[in-house]
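Bear in mind that the values in this text are calculations on the coordinates, not laboratory data. Note that the structure is predicted; figures quoted are calculated from it, not measured. Backbone-built Cβ (ideal geometry, glycine too); neighbour counts: all protein chains shown.
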Amino acid sequence: MTPDLKGRSLSSMRNHTRAEIELMLDTAADARERKRRGERPLRLAGRNIAVVFLKPSSRTRAAFVVAAADEGAHAEVLRAEDVRFGVKESVKDIARVLGRLYDGIAFRGFGEDVLEALVEHSGVPVWNALTERYHPTQALADMLTLRDEFGTLERLAITYVGDGRNNVARSLAIAASKMGFQLRILAPPELQLPAEELGEFGDAVLATHDPEVALHESAAVYNDVWVSMGEEGELERRISLLRDFKVTPELMAATGRDDTIYLHCLPAYHDLETEFARAHPDAREVDDAVFEGPQSRVFDQAENRMHTAKAVMVLSLGG
Ligand code: CP
Ligand code: NVA
């Protein structure tokens, strides 16, 4: 039986089954095909979507706004100065107001407490567009990109290199535990997920600081920035912990496969075209040769953010 995601929120993906995740990926691939054929199914016609973002975003915000417009919905971006959670109004009150006005809420913020309060009190589907612990809509686009390349996720080995405790790594770990691929987190011990969390994932997640173990036969090498939004004060310590974990052509070659791809959630520090990278050239997580090279699929991945956001909204709101 096809799973029914109508009315469902997406907080961390922990409560989603493999069949439900497969449905989201199939729906995204189908939406991409339809868009390329010029079809406009307008499955969200007349709907209103709140895009509540307390942190900056290019891709995720644009993904939700474009996906909503493609399907005939209106999306409204609300920033921290518009929704002053816990400053001028309680989270619970704002949640109830948003739920009266909007049919769904995409939320980007800090801790999980605001997201969970929105889920509990708004009465409409809430989609996590990045919190400190999770980035599930990113993981969906990552899985779609991997599936496009390899046809299946089953038994793939994916090596995530960098801060293994961040939102992107944790969501990939959850995805691996659901979907039958192995996530190998290549990071120093200080930046690995805590042992009790790793225990939950069993063999689906391997934490190691040994590049040989992490990279052998890997189908993809995955990067994120070394310092996530909100933890800028950690920069110097992160550089010292991660300087030996930069993705280089040599690291890519260590998989021993000639079809390994390179993925990055973006934004990425790979050249000196940004103020940040010019100020902190040692904080670049990847060589330009890899980022711009033939193995890189980062812009397919970025496009897939939109198709997967569309799938999530269409399935939650029932076409
Ligand atoms: N990958 C990602 O979430 O990018 P944005 O921060 O630009 O949304
Ligand atoms: N880990 C990063 C992801 C950005 C898309 C952050 O939280 O800033």
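Values for this structure:
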| read-out | value |
| --- | --- |
| Unit charges at the beta carbon, dipole of the chain: most positive-side option, F299, Y262, A28 | A28 |
| Shape of the range 193-266, Cα gyration tensor, a/c cut at 1.5 | oblate |
| Neighbourhood net charge (11 Å Cβ-Cβ; Lys/Arg +1, Asp/Glu -1) for L193 | -1 |
| Estimated 222 nm signal from helices in the chain, with DSSP H stretches of n ≥ 4 weighted -39500 (n - 2.57), rounded to 500 | -12500 deg cm²/dmol |
| For the range 118-211, convex hull volume per residue from C-alpha positions, Å³ | 111 |
| Label point distance in nm, R18-R243, each placed 7 Å from Cα along Cα→Cβ | 4.4 |
| Neighbourhood charge, 12 Å Cβ-Cβ cut-off, centred on E39 and excluding it, Lys, Arg +1 and Asp, Glu -1 | +3 |
| Summed residue charge, Cβ within 10 Å of S9's Cβ, Lys/Arg positive, Asp/Glu negative | -1 |
| Least to most buried among F150, F85 (fewest other Cβ within 10 Å first) | F150, F85 |
| Distance between the range 291-319 and the range 46-69 - C-alpha centres, whole angstrom | 13 |
| Point-charge dipole on Cβ atoms (K/R +1, D/E -1) for the chain, about Cα centre, debye to 20 | 1320 |
| R37-R278 FRET efficiency (beta carbon distance; Förster radius 51 Å; 0.05 resolution) | 0.75 |
| Least to most buried among M143, M179 (fewest other Cβ within 10 Å first) | M179, M143 |
| 25 Å Cα-Cα threshold exceeded, pairs from K178/K246; K92/K310; K6/K310; K55/K178; K55/K310 | K178/K246; K92/K310; K55/K178 |
| Cα gyration tensor, the chain - rounded (a/c under 1.5), prolate or oblate | prolate |
